[in-house]
Amino acid sequence: MFFISSAVTCQQLGLDSVAYKLLLLLKALWLSVISISRRDKSFADDLFESSTVNLRMGAAMLKMGNKDGAKAAFAAVKAGPRAQIAQFYGVLAGA
């Protein structure tokens with residue numbers, strides 16, 4: 001994720017003022033998530049847990065049409081509650 005400095009204007013990014021304000025809001029939210037994750041380890045562990053990351057990466061690859069990459073990402077989810085979801089996605093990727 002890139003960070004927008006206050007010196008960058010909405011015209012330079014090619015955005016209208018509403019989209020630029022939304023982008024700044026998203027930046028503030030992302031920074032607050034990072035701040036919370038540094039204080040609360042359980043939140044950070046869940047957010048960056050490998051099974052969560054692999055599941056999301058596989059879903060993104062499947063949407064992009066990269067079925068082989070999606071299958072590999074879903075296969076990396078081995079245990080936990082996300083394993084069944086990964087198996088379902090794996091069936092979709094195989095079709």
Fill in: Within the range 63-95, tally of residues that are assigned to a loop (DSSP other than H, G, I, E, B) and small (Gly, Ala, Ser)
5
Discussion item. Just checking, does the range 19-39 include any residue being modelled with pLDDT under 80 and not in a helix (DSSP H, G or I)?
Written reply: no
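The values are calculated or read from the model by the stated rules, or taken from the named source; none is laboratory data. Bear in mind the structure is a predicted one, so any value in this text is a computation, not a measurement.
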